[in-house]
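A quick write-up on the structure given underneath.
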Amino acid sequence: MMGPEIERLVGLMARLPGLGPRSARRIVLKLMAEREQRLLPLIAALDAACQRVAVCPTCGGLDSEQPCAICADIAREPLICVVESVADQWALERTAVYRGRYHILGGLLSAIAGRGPEELGIDRLLTRLDGSVREVILALPATVDGQATTHYLTERLAACGASVTRLAQGVPVGGSIEILDEGTLALALSARRAAG
Ligand code: ZN
């Protein structure tokens, strides 16, 4: 009924986060109905992002400059906020409270998923702590894996020379950082306390 091209497009869209077959079909129909206004700009934006955006070798963030604009910004405070994902980094940036840099783990320690410290680039984090960093803020989710990762990092960073803090109240147990509203996240960040 749909034709192989449309079927393929719907199939690809339906596998994106937050979308299912129904919303994928609606999006594809909209794109086809409004090629000039929606489909062509989307193709151009996807192509530009694919060509130019890459992972920052320092922090693991995404940008079209290497190192990323945040790592390169000399006005940032000498703090590193450790987060699970780029989505969490963006959530913290939206609070406009935090003016330090980031370290994106790209996941959490997980025995079930077979993810250890090597997969998370924790050695890369340690090499960044060259004495110029005043504080490391562990902004990881209040889940089992998040807490285990926070605990592990607290021990690994004990002798790093920077103070190590973690987010305090405001983060609900079982909650992920990305979905918190800006007010809650800002409160959790400003009320952080010494880790361990
Ligand atoms: Zn960076």
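Computing FRET efficiency as 1/(1 + (r/R0)^6) for residue 73 and residue 118, where r is the C-beta to C-beta distance and R0 is 25 Å, gives about 0.30. Ordering 88-95, 142-149, 106-113 by mean Cβ neighbour count within 10 Å, with the highest value first, yields 88-95, 142-149, 106-113. The coefficient of translational diffusion for region 107-196, derived via Stokes-Einstein from the alpha carbon Kirkwood radius under 10 °C and 1.306 mPa s, stands at 116 µm²/s.
Placing a pseudo-label 7 Å from each Cα along the Cα-to-Cβ vector at residue 6 and residue 30 gives an inter-label distance of 1.7 nm. For residue 103, the residues whose amide H sits under 5 Å from its own are 81, 82, 83, ignoring neighbours fewer than 5 places away on the same chain, with H placed 1.01 Å from N. Taking the 1.4 Å solvent-accessible surface of the chain as the whole, the part contributed by carbon and sulfur is 57%. Placing dummy labels 7 Å off each Cα toward the beta-carbon, the span from residue 155 to residue 126 is 1.3 nm.
Per residue, the chain exposes an accessible area of 58 Å² to a 1.4 Å probe, with every protein chain left in place. Kirkwood radius, region 4-52, all distinct C-alpha pairs, inverse of mean reciprocal distance: 11.3 Å. By the Kirkwood approach, averaging reciprocal distances over each pair of separate Cα atoms, region 1-91 gets a hydrodynamic radius of 16.0 Å. If R0 equals 25 Å, the separation of the Cβ atoms of residue 46 and residue 179 corresponds to a calculated FRET efficiency of about 0.45.
3J(HN,Hα) couplings calculated from phi for region 49-63 with the Karplus curve 6.51 cos²θ - 1.76 cosθ + 1.60 (θ = phi - 60°) are, in sequence order, 5, 5, 6, 9, 7, 9, 7, 5, x, 8, 10, x, x, 10, 6 Hz; Gly and Pro show x. The three principal axes of the C-alpha atoms in the chain carry coordinate ranges of 63, 35, 34 Å, sorted with the longest axis first. Can you give the FRET efficiency to the nearest 0.05 for residue 134 and residue 19, using r as the Cβ-Cβ distance and R₀ = 45 Å? Between residue 134 and residue 19 the formula returns 0.60.
The values are calculated or read from the model by the stated rules, or taken from the named source; none is laboratory data. In this text, all values refer to a predicted model and were calculated from it rather than measured experimentally. Quick reminder, even Gly has a Cβ in these numbers, built from the backbone with ideal geometry, and neighbours come from all protein chains shown. SASA here: full protein model, heavy atoms, side chains in, ligands and nucleic acids out. Shrake-Rupley method; radii C 1.70, N 1.55, O 1.52, S 1.80 Å.
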